[in-house]
Structures are given as C-alpha cells and as structure tokens.
1. Do we find that E285 is closer than 21 Å to Y144 by Cβ and of a type outside the set (A, V, I, L, M, F, W, C) in this structure?
2. Taking the conditions exactly as written (under 26 Å from E255 (Cα atoms) and either surrounded by fewer than 23 Cβ atoms within 10 Å (Cβ to Cβ) or among the aromatic types (F, W, Y) (or both)), does I219 satisfy them or not?
3. Just to confirm my filter: which strands (runs of 3 or more DSSP E) fall fully inside the range 178-256 and include at least 1 residues that are farther than 21 Å from R279 by Cβ and assigned by TED's automatic domain parsing to the domain that holds T270?
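The values are calculated or read from the model by the stated rules, or taken from the named source; none is laboratory data. The shown structure was predicted, so the numbers you read here are calculated from the model rather than taken from an experiment. Don't worry about glycine lacking a Cβ; one is built from the backbone with ideal geometry, like all the others, and counts go over all protein chains shown.
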Amino acid sequence: MESIIFSGTAHPEFARKVSEHSNIPLGRTEINRFKDGEIWVKFVDNVRLKHVFLIQPTFPPAENLLELLIMIDAAKRASAWKITVVIPYYGYARQDRKDEPRVAITARLIADMLESAGASRVLTMDLHVSQIQGFFNIPVDHIYYSMILADKIRDIGITDLVVVSPDVGGVKMARAYSKKLKADLAIIDKRRPDKNKVDIMNIIGNIEGKNVILVDDIIDTGGTVVKAAEALKKNGAKNIFAACSHPLFSADAVEKLRDSVIEKIFVSDTIPLGDKIARSGNKIEVTTTTKLFANAVKNIATGESVSSLFTEDDK
C-alpha cells in the first residue's frame, strides 16, 4: 500500500527531514486560519486508499492539537486507508492522573480525541509516563531519545560520569542512560517540609568530584533542572551537563539555563527552537531525532517491527 507524509504547521522542517530520510513522499497541504481563529485544512494530494502519516508535535498544545485533529478528520473523510499520527512531543502528558480532587485526566482525553477523530496508530517519543500508551485502544509505538543521545554523550568522552535523575519520578529514564553509558546513577530526592519552606534536596549516590549529567523528559521553565544543578555543585560535582527529550523552554527558561552552572544542555528537535540556541549563549546543543523517526515510520509503512530499532537498555 502506498504511503505519504503530511505536515502540520507546528514543525514542517521536522516532517521534511523525516520524509527525506524515509524516502516516503511529503504531500502538500493547505492550512489556513480565518480571521476568527478557525482552522481550515485541505490535502492537495490524493490520499484515497493510502497510508497517511501526519506529523505534528503538540506544542503549544491548544492550537497544534486542534489542527492535528482537523487533519485526521480530513484524511479520514478523504478515504485514507490508514492514518498514523506522528507526535514527536505529546502535549498534556503530565496530566496523566488525578493527583488532587476535581481535576481532569487530560492525557486520556487527548487519546480519546485522537481515536475519535480517526487515528489508526500513534508514534511518539519519550512520553512523560509510558503508561499513557494504555489510554489508547489503538497501537502506540513509543521510541526513546536515549537511542541516539547516549551514543553522542559517549562519543564526547566525558570521564567519571554519573547520570542523575532530578527527581524520583525520572529514575527509569536516568537508569536507561546509566546502563547505556555504563555510568553510575544518582537521584535527587526533593522534599518540601512546609508550604512556605524552601525545597530540601537530598542527593542519593556519590557525585563528589564526578562529572554529572541531569536527564529528564521535559525542561519547561527550567526551575527544576537549574536548582538540581546548584545542589549538585554544592555537593562537590565537577562539571554539570543536562539533557532532555523535549525542550519546551517556556517563559525565561533559556535565560535561567544560560546563567546557570550547567555547561551544556543536550536536547532533541521534537520542538522547533528558533532563536533559543543563540539566546542560550550556545549552551544548547541539538541532536536530531528525524532519522530515528524516519526509521520508525518506514518500519510501520512496510509492516516491520518498530521495537527492533531499540534494545531493552533504551527503555
């Protein structure tokens, strides 16, 4: 069955590179916004009985998610054979449970919306929690930034390296990096004794005199990673690096990172960064994931295994 890729407006350069690396053609779309803000989508190329891949990260989430849903509906109504939604960054993933009364589980709601619109399959990377896959009744292929970033860090040749999770929730990801890098693991246990008290950061593991790399799935405002880096420095860490799968860099995050004790921040290209690299004083270094996504897209298109692209240590 013939396959074709289409891009939303969130990250067209990402889609172009995935198309180039996978040798699957990039189709043409017309996406407009009316003066009242409504989104209008039309596929210029025929999609009838084709396997359609729609590429759209959902950051910022409101506009880009709605645009993606409209694209799915347009493809379904144009008789696409299958619709695989490629979401490099899955927005709302942090709202995955009821952590207090009378709140929504929005990550589940998004899954329901994607399915209801007509998605046949989802491909994404480094979900905030992997259990989000269970919110779907359609197949979800989940790939990992560690598959490529660990090789890059290894090639740099940082000695005496310790991988650090900035909180208890990120231990699984940090452990994956520590396995691949054959490095020790440390954890920052952050506790707030009282509402108006400063967080107390206890470091579990030996980092004194070591080079450390903080790994997380998301850097949003930068507050957590910057405070974690300061705590590591105070406890004797030598050189401090950071890495994240999805660089949201909201508000003044770039300036916080630029002025922090962190020497280099390794990030993926799941979200377009614009001038943020230059504003960071070139502290931010991007490692592309487009080849990784292209390989996954190609395997989905040809009916091959996606899990064959990674090992147990990547998870």
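1. In short, yes.
2. On the way: under 26 Å from E255 (Cα atoms): yes; either surrounded by fewer than 23 Cβ atoms within 10 Å (Cβ to Cβ) or among the aromatic types (F, W, Y) (or both): no.
For I219, the condition - under 26 Å from E255 (Cα atoms) and either surrounded by fewer than 23 Cβ atoms within 10 Å (Cβ to Cβ) or among the aromatic types (F, W, Y) (or both) - is not met.
3. By residue number, 184-191, 200-204, 211-219.
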